[in-house]
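Below is one structure; the comments refer to it alone.
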Amino acid sequence: MVKPNAQVAHIGIAVANLDEALAFYRDILGLDPSPPETADGATIVSLHLGDLEVELMQPAVEDSPISKFLEKRGPGIHHICYRVADLPAALEECRRRGYRLIDEEPRPGAGGRMVAFVHPKATGGILLELTE
Ligand code: CO
């Protein structure tokens with residue numbers, strides 16, 4: 001079994017317009033965003049709140065997962081990322097227990113971290129990202 005030391009690493013939020021979305025974090029919370037980066041067809045900026053990050057994601061290209069999400073569900077929480085001690089072991093445990101994976105193997109995600117996504121059908125309707 002995966003050791004129960006998982007933490008929330010970040011929350012991914014789909015936005016139509018990064019500048020508009022960032023205004024709240026800047027003006028109300030006083031946070032500065034990280035420089036934008038591109039991953040999975042999205043432009044992503046991260047905001048650090050202690051050990052937790054908020055990832056704001058705006059579509060960078062048409063037909064990206066994030067643009068489809070926005071079309072279908074509108075802006076809002078897109079995924080939650082949990083940090084686990086051993087990502088390959090967690091994926092192996094998912095497979096063993098029949099959880100549907102989007103990524104069978106760890107792959108590079110935003111911020112250069114190795115990540116893998118678990119299908120929302122497996123996790124109560126929330127897209128989950130796992131990282132170390
Ligand atoms: Co993420």
Would you mind stating whether A23 is among the aliphatic types (A, V, I, L, M), over 28 Å from Y99 (Cβ atoms), open to solvent by less than 30 Å² (accessible area, probe 1.4 Å) and out of contact with any Cys (no Cβ under 7 Å at 6 or more places or on another chain)? yes
Would you point out the residue of region 95-131, among those that are within 13 Å of the ligand (Cβ to nearest atom) and of a type in the set (D, E, K, R), that is farthest from T43 (Cα to Cα)? D103
Whichever residue in region 114-132 is open to solvent by 40 Å² or more (accessible area, probe 1.4 Å) and touching a Pro at 6+ places or on another chain (Cβ under 9 Å) and, among such residues, is farthest from P65 (Cα to Cα): E132
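Residues in region 29-42: is at least one among the acidic types (D, E) and either closer than 22 Å to N5 by Cβ or touching a residue at least 60 places away in the same chain (Cβ under 8 Å) (or both)? Step through it out loud before you land on a result.
Of all residues in region 29-42, those among the acidic types (D, E) come to 32, 37, 40.
Among the residues that remain, those that are also either closer than 22 Å to N5 by Cβ or touching a residue at least 60 places away in the same chain (Cβ under 8 Å) (or both) are: 37, 40.
Looking through region 29-42, at least one residue is among the acidic types (D, E) and either closer than 22 Å to N5 by Cβ or touching a residue at least 60 places away in the same chain (Cβ under 8 Å) (or both).
Looking at region 23-57, which of the residues that are of a type in the set (A, V, I, L, M) and more than 17 Å from the chain's Cα centre (by Cα) is farthest from G111 (Cα to Cα)? Walk me through it before giving the result.
Narrowing region 23-57 to residues of a type in the set (A, V, I, L, M): 23, 28-29, 31, 39, 42, 44-45, 47, 49, 52, 54, 56-57.
Remaining after also requiring more than 17 Å from the chain's Cα centre (by Cα): 23, 28-29, 31.
Numbers: A23: 22, I28: 25, L29: 22, L31: 18 Å.
Within region 23-57, the match that is farthest from G111 (Cα to Cα) is I28.
The values are calculated or read from the model by the stated rules, or taken from the named source; none is laboratory data. Here the structure is a predicted model, which is why all the values come from computation and not from measurement. Glycine also receives a Cβ, built like all others from the backbone with ideal geometry; neighbour counts cover every protein chain displayed. Calculation scope for accessible area: heavy atoms of the full protein, side chains included, ligands and nucleic acids excluded. Shrake-Rupley method; radii C 1.70, N 1.55, O 1.52, S 1.80 Å.
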